[in-house]
Structure formats: C-alpha cells, structure tokens
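Let me begin by presenting the structure, written as structure tokens, before commenting on it.
Throughout, read-outs are computed from the coordinates displayed, never taken from laboratory work. Keep in mind that what you see is a predicted model, and the values were worked out from it rather than measured. Because the Cβ atoms are built from the backbone with ideal geometry, glycine has one as well, and the counts that use them run over all protein chains shown.
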Amino acid sequence: MKCKNHPNREAVTFCANCGIPLCSDCAEKSPSGKTYCFQCAMIYSVSEVGTSIVDKREKSEGKKKHKKKKWGAFQYFVIVSCVLILVMGGVIIFGAPEESGKKIDFANNQRVFLFMVDSCIKRYAHYEGEKYPEKLTDMVPKYLPMKKEDLHHLESLLYQKDPSVGYRLSMAKPKPGEMNIIISPKGIQYSTPTQGGA
C-alpha cells in the first residue's frame with residue numbers, strides 16, 4: 001500500500017485515529033507510542049495542550065517582571081520566539097498523550113471540531129470515489145469517530161453539498177464578533193460578522 005501523501009513511497013504504518021496509510025516521513029509518534037498523521041496529531045495536541053500553553057505564558061511573564069535590569073525589544077523578541085518555537089515544536093513532534101476514556105470537548109473547541117470534520121469529509125471523498133456525503137452523519141463511525149450521544153454536536157456545523165465546489169462547511173452559529181470560517185475543497189474563506197440592526 002502506498003502513502004497517502006507520497007504516492008511513490010510504500011506505507012509503513014497507519015494513523016491510529018483516521019487509519020490512512022503513512023510512510024516513515026509522514027508518521028508522527030506520540031509519547032504514548034501511537035502513530036498519527038499530521039492533522040490528527042495537531043487536533044489531539046491542540047485539544048489536550050490548550051490550557052498548559054496559557055499557564056506557561058503567564059509564568060514566563062511573571063518571571064520577566066521580577067528581573068531588575070531593563071531589556072530591549074530585541075531581547076523580548078528572542079525570548080518570545082524561542083518559547084513559541086519550543087512549544088510548537090514539542091506539540092508537533094511529540095503531541096499530547098492520549099488519555100483513555102477522556103472525551104473531547106467539542107462545544108468549547110468549535111474551530112478545532114470544524115477542521116476535524118473537514119478532514120473527515122476529505123477522507124470520505126478519498127475512499128468513496130471523490131463523492132461527498134449527503135449529510136455529516138453518513139460519515140459516522142467509519143470516517144468520523146463519534147459516539148451516538150455526541151452526534152448533537154454536528155448541529156453546530158452547517159454542511160451543504162455544492163455542485164460548483166463540492167461542499168461548504170462552516171459553523172452554524174459563530175460566536176458574537178468572531179469571523180466565520182467557510183471551508184470547501186477550493187480552500188478557506190472568512191466572512192466578517194454581521195452587526196445586529198433593524
């Protein structure tokens with residue numbers, strides 16, 4: 001079997017979440033020993049790491065305030081760049097360990113959920129002959145690993161098949177003041193929030 005991202009290379013493993021074939025360059029190992037594709041590794045690391053990044057940032061800001069010597073803009077730039085590079089590198093390379101039995105909080109991670117569902121639609125199209133599902137529940141559980149009690153979260157997304165581009169996926173009710181993301185096979189579009197008025 002060939003790697004999904006590199007058709008000229010043999011697959012050596014499969015993603016533990018979505019099951020796509022991966023070559024050794026595409027496989028991301030987690031600390032728990034599981035292998036993920038890049039998208040699944042990012043989804044799990046974002047959903048698991050979220051608050052620890054904020055805590056680290058607050059601690060680093062607290063340490064900066066205690067130092068008596070003044071630093072210039074360059075020193076701040078170097079420190080912030082290094083921290084961001086280390087944090088993102090750790091997230092990309094190692095990911096977050098998957099805890100058994102822990103549920104993903106779809107309600108608080110709507111944008112992550114939106115991109116997760118989009119990758120499932122693309123996986124569905126890949127394995128179903130470039131056809132898109134009629135409705136999102138058609139992908140459960142084969143392409144979208146969700147339990148029946150979590151299917152109500154799909155109502156937070158707006159999915160439409162579109163003959164001109166294939167499909168359109170967006171959040172049904174974006175948070176006030178947030179830009180809405182509209183995903184299609186052609187790419188990502190952003191729509192500005194509408195102001196309430198008569």
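Can you put Thr192, Thr13 in order of Cβ neighbours within 10 angstrom, beginning with the fewest?
On the way: Thr192 8, Thr13 17.
Least crowded to most crowded, the residues run Thr192, Thr13.
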**Study point:** Greater than 27 Å apart at Cα, pairs in Lys29/Lys148; Lys29/Lys131; Lys4/Lys148; Lys122/Lys148; Lys56/Lys142
**Key:** Lys29/Lys148; Lys29/Lys131; Lys4/Lys148; Lys56/Lys142
Check your understanding: Could you give me the ³J(HN,Hα) list for the range 167-183, computed from phi with Karplus coefficients 6.51, -1.76, 1.60 and θ = phi - 60°, whole Hz, x at Gly and Pro?
Key -> 6, 9, 10, 8, 6, 5, 9, x, 5, x, x, 8, 6, 8, 9, 10, 9
Review point. Which order, highest average first, do 134-145, 78-89 follow once you tally other Cβ atoms within 10 Å for each residue and take the mean per peptide?
Key: 134-145, 78-89
Check your understanding: Using the beta-carbon distance between Glu155 and Glu130 and R0 = 41 Å, what value does 1/(1 + (r/R0)^6) give for FRET efficiency, to the nearest 0.05?
Key -> 0.95
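To the nearest 0.05, what FRET efficiency results for Arg57 and Lys175 with a Förster distance of 25 Å applied to their C-beta separation? Intermediate results must be reported in sequence, preceding the final value.
Working: r = 22 Å, r/R0 = 0.89.
Once rounded, the FRET efficiency stands at 0.65.
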**Study point:** Residue-count net charge about Glu134 - beta-carbon cut-off 12 Å; Lys, Arg +1, Asp, Glu -1
**Key:** +1
